[in-house]
1. Tell me, what HN-Hα J-couplings in whole Hz come from the Karplus equation 6.51 cos²θ - 1.76 cosθ + 1.60 at θ = phi - 60° for each residue of the range 248-259, using x for Gly and Pro?
2. Return the distance in nm (one decimal) between the two label points of a simple spin-label model at Glu87 and His205, each offset 7 Å from Cα along Cα→Cβ.
3. With labels modelled as points extended 7 Å from the Cα through the Cβ direction, what inter-label distance (nm, one decimal) is found for Thr172 paired with Gln187?
4. Under the definition of Cα pairs under 8 Å and six or more residues apart, what whole-number percent is the relative contact order of the range 138-293?
5. Say R0 is 35 Å: what FRET efficiency, to the nearest 0.05, do Met52 and Asp117 get from their beta-carbon distance?
6. Output wanted: per-residue J couplings in Hz (rounded whole) for the range 75-91, from phi through Karplus 6.51 cos²θ - 1.76 cosθ + 1.60, θ = phi - 60°, x for Gly and Pro.
7. Quick one: Karplus J couplings for the range 53-62, per residue in order, coefficients 6.51, -1.76, 1.60, θ = phi - 60°, nearest Hz, x for Gly and Pro?
8. Could you pull out the pairs from Lys38/Lys191; Lys38/Lys85; Lys33/Lys201; Lys88/Lys239 whose alpha carbons sit more than 25 Å apart here?
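What follows is calculated from the coordinates using simple rules that are stated; it is not laboratory data. Owing to the predicted nature of the structure, the values given are computational and were not obtained by experimental measurement. All Cβ positions, glycine included, derive from the backbone under ideal geometry; neighbour counts span all protein chains shown.
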Amino acid sequence: MNDQAQTLRNMVLVQGEAAGQRPTRIVTVTSGKGGVGKSNFSLNFALALQQMGQRVLVFDADIGMANIDVLMGRNSSYSLYHLLKREKTIWEIVQEGPQGLEYIAGGSGFRDLLDLDQEQLDYFSEQIGKLHGHYDVILFDTGAGLSKETVRFITAAQETIVVTTPEPTSITDAYALIKMVHAMGEQAAFKLVVNRAVDRKEGKHTADKIGLVARQFLQTDIPMLGIVPDDSLVPKAVKKQVPFTIAAPDGSASRAIAQIARDFIHGAGASVAEPVEMGGVKGFLLRMFSRKI
Ligand SMILES: Nc1ncnc2c1ncn2[C@@H]1O[C@H](COP(=O)(O)OP(=O)(O)OP(=O)(O)O)[C@@H](O)[C@H]1O
Ligand SMILES: [Mg+2]
């Protein structure tokens, strides 16, 4: 472990888990192919979890095209950029969206994240460390494909949700992403969400395809978290800049997201068995910065 990582380890261990704090689940949402519905999923999944009484933070970690705030019709004054520049504290960049959903807007900041100097890293880690115990779930919505930054998020998070559609190109790219992370020798707990399925059968079929090759060639299980149907109410809501679970709570996509949220909280694998110090925000920071990719 390098000096930087050691400093970080000491720092996060000192911060410790204050009495009564619930552990935070850190989840990265990603995909192989772009435009498969990651941002819509992240936002509406977060709202559904919040409906269940979970405290949720959505982190827009897409470098190229930050758009969580666009999907909510918001215009954020502050983003991660201001944190990295040490102009704002973490609580100043947490914005409030519809239904009081807390989020951190994306921007051009993330590219700098991997090249922070020691002082910036200390500030960033100290500030992010403050999120520990404050949320039940922190969701990172990443860009598509395997950028250095996305790999860092995937391997630092406890869980990674890979979104795919039933299209062959989307399936192939989802598998390629899983395979590459695997080939790098990185540990990652992948779960699959099939978006835009015509029906459950197609969704199941899509998940089975990926599951089968992963088992055969990577000796890894990729459990399916859920299926979201193709629903014309989704693009309608996107145009209105209202999250579809708010615009059309009884639509088929909204009902599917609610079911996925229930499974995520109550289903198998809902509690991540990890040594305490590796869990939550602290473990995330350690994994994020203790090695250079
Ligand atoms: N379940 C769905 N049913 C119908 N259309 C959908 C569904 N999910 C997403 N879409 C459509 O796909 C478009 C892209 O979605 P979104 O922006 O969430 O994808 P993304 O994976 O985040 O894209 P990027 O890779 O650019 O970040 C949306 O504007 C919407 O019209
Ligand atoms: Mg997106």
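1. Once θ is set to phi - 60°, the couplings for the range 248-259 become 9, x, 9, x, 5, 5, 5, 5, 5, 5, 4, 5 Hz.
2. That separation, rounded to one decimal, is 5.1 nm.
3. 3.3
4. Across the range 138-293, relative contact order equals 21 percent.
5. Result of the calculation: an efficiency of 0.30.
6. With the stated coefficients, the range 75-91 comes to 10, 7, 6, 10, 9, 3, 3, 5, 6, 5, 7, 6, 8, 9, 8, 4, 6 Hz.
7. Ordered by residue, 3J(HN,Hα) equals x, 7, 8, 10, 10, 9, 10, 7, 9, 7 Hz.
8. Lys38/Lys85; Lys88/Lys239
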